[in-house]
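Below you'll find the structure, written out as structure tokens, and then a few comments.
The values are calculated or read from the model by the stated rules, or taken from the named source; none is laboratory data. Bear in mind that the values here come from a model prediction, so they are computed numbers and not experimental data. Note that each Cβ is placed from the backbone with ideal geometry, even for glycine, and that neighbours are counted across all protein chains shown. Calculation scope for accessible area: heavy atoms of the full protein, side chains included, ligands and nucleic acids excluded. Shrake-Rupley method; radii C 1.70, N 1.55, O 1.52, S 1.80 Å.
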Amino acid sequence: MPAEAGDSAALGAQKAPAAAVRVIGDKPAAPPADDDDDEDEGEGDELELELDDDEDEDLVVYTAQEAAGALSTIYAFVRPHLGNYKKLLAFVGFGVVVETLFNVIMPLSLKFLIDDALGEEDFQALIKILSVLGAAGIFTSIVAIWYELWDARLAAGIISDVRARLFDHVQNLPAAYFARTKRGEILSRFSVDLAAFEGSVRSFANSAALPFLELIAGIILMLFLNWQLAAVALLVFPVTLIGPRIFTPKAVQANYEQKLNESALLGMVQENIAAQAVIKAFTLHRRTFGWFSLRNNAARDKYASALFLSTMVERTVTVSVLLLHLVVLAIGAYLATKGQITVGTFVTFESAFWEVSYNIAYVMHFIPVSIQSAAAVRHIQELLDEPTRGADRPGAPDLPRITNDITFDHVTFQYEGALQPVLDNLSLKLDVGKTIAIVGPSGSGKSTLLNLILRLYVPDEGRVTIDGVDIRKVTRESLRHSMAVVFQENMLFNMSIRENIRLGKEGASDEEVEEAARKAEIHRYIMSLPLKYDTPVGERGDTLSGGQRQRVAIARAIIRNPSVLLLDEATSALDQTTEAAINHTLLKLAKGRTMIWSTHRLTSVVDMDEIIVISSGRAIERGTHAELLAKNGSYRKLWNDQGHKVAAAAQADGDSDDEDDDEA
């Protein structure tokens, strides 16, 4: 081990940087407050503090035994991945053993140099000893460089595998998890938690395995030289364990609380960035900064506590080693003066004791890293332990192309944390080949119907069937492959228009992409751009207008050639002119396929084959626009509440023919 590193470790181990890792409890995130909750700033602050108290109550305190098992926690986490790297593990293990042997030979050579070569003035012995040391040093250096390369590849491979495992698990989590979990809490696993885990994996060979082996070898060497003096020197172990035994459990708990606070802080920053338009419009800068300050101050205090306690774990070790070393030095010098041991033995023992001291410091230095990594692993494992509800049953068949109907058979569904079901014993049959609108007041369950059809959620009671087959008994991929969906807020990825459309059908040709764009009536606009279909759309498609984003999303849906097209408030966020133009496009695209449209804008659905009114989780009316108006029931009330006149039905869509991006 390099002398510089050893001196630094023994005389004052460097402070282990407390990685900014975060842990959040399993509690569902609180729902966003309504606008009128902002009326009183004091109430908002009080609410924030109350939430903090609730989170603290859910903390699980590590015991001293659990803290000592930090390495076991990390090993259990990475063990499934080690089988892929047996050869790399063997190479790294061989290199560590070779370097350990050399670091034992070095102090032992001092005994022979002093007692045999220098003391006896034996030049031949001196040449032999120096030659062996030189050859061993060159060989060890080559092996060290070689195994460092394999160690780097091993660490990179394990970290990459864990990251891929985590990402794959997130893809399979149910929609309910994302509804109750803040994005910042998920992102913290991929950022700071993986960084903390990476710290322990990256430094394990040089900061834990190698020092530990050298520690064992150094003890054996001291016992070989003089067992009485070694017995005194070995008091270093009980002495150095006192401090860590006191401070380690407190350090683990402080790091865990730090993670909780920083996770909440990241979630608040993410929410603030997403809500900049609202913050600026309502001049909420002071209020949001006040909320941030509360979290930031709490994170500052927890960080200081975690950093201090983590460094005290190793600082107590270095102080204990220094005091004990003075005792060993005094006794060894006395024995050498009295002739009970040779000067060479004394110098070699002193060197071996320093080596043991250095390595104890290195191991203790690694303890805070392993503590933080174990806490990060625990946080990551919480996410990996989330059940992937709705996964395919073993041997589930593919869903054939839809030919008859989609049926809700006595379906009851309640969102997690809701006080009452959003769908209550709903029975409904939707015939294929029709354009069907699902309308109703906000919160009536319109979007939930589409989510259940897509199997983003599963019913609490009852079942959803397609052509009589329970959709839970077929593969999700085949179910969703037969459908396409256009959301109200359509997410476009930061790539070209061509690649965004192609996401709807893997391997689609450029001709298919352009044909889909023509059907969505966005082709002419795309061709007017300098880069045409290779134009990047920016983050979330921000370089396009709302109508253009929606048309690209429609093209992405159409390229799948779905048998069922689902529209979830697809035009409700657009202005009336753009909405009318897109409605016109959608009705043309609906020919020859089933279209189910959830919306609260009734002017969008007057030409639908069938309109179904949902209220309080049940279907209360169904029929055409004219039939429902004639019934003078809930639909008629909704129509009147939106300020429409009955005569407007005939012309509701008529203004859209010449709008937006129609093809010549």
Top positive-direction residue, dipole computed over segment 499-544 with Cβ charges, set 523, 536, 508: 523
Filtering GluC sites (Glu not before Pro) in segment 489-525 by DSSP loop and by at most 16 other Cβ atoms within 10 Å leaves 489, 506
Could you give each residue of segment 179-184 its phi-based ³J(HN,Hα) in whole Hz, using Karplus coefficients 6.51, -1.76, 1.60 with θ = phi - 60°, and x for Gly or Pro? 5, 9, 10, 5, 4, x
Return the subset of 519/591; 588/631; 429/519; 182/259; 446/591 for which the Cα-Cα distance in this structure is over 21 Å, preserving the input order. 588/631; 429/519; 446/591
Please name which of 264, 248, 217 has its Cα lying farthest along the dipole of segment 214-292 towards the positive end, using unit charges on Cβ (Lys, Arg +1; Asp, Glu -1) and the Cα centre as origin. 264
Against the rule of thumb 2.2 N^0.38 Å, how large the Cα Rg of segment 261-331 comes out: 2.03
So the carbon and sulfur contribution to the accessible area of segment 586-644, 1.4 Å probe, in percent, is 45 percent
Interchain or long-range residues, amide H under 5 Å from residue 435's placed H: 595, 609, 610
Amide H to amide H under 5 Å from residue 415: which residues, 5+ apart in sequence or cross-chain, H placed 1.01 Å off N in plane? 422
Of every hundred units of 1.4 Å-probe accessible area on segment 213-314, the number belonging to carbon and sulfur atoms, as a percent, is 72 percent
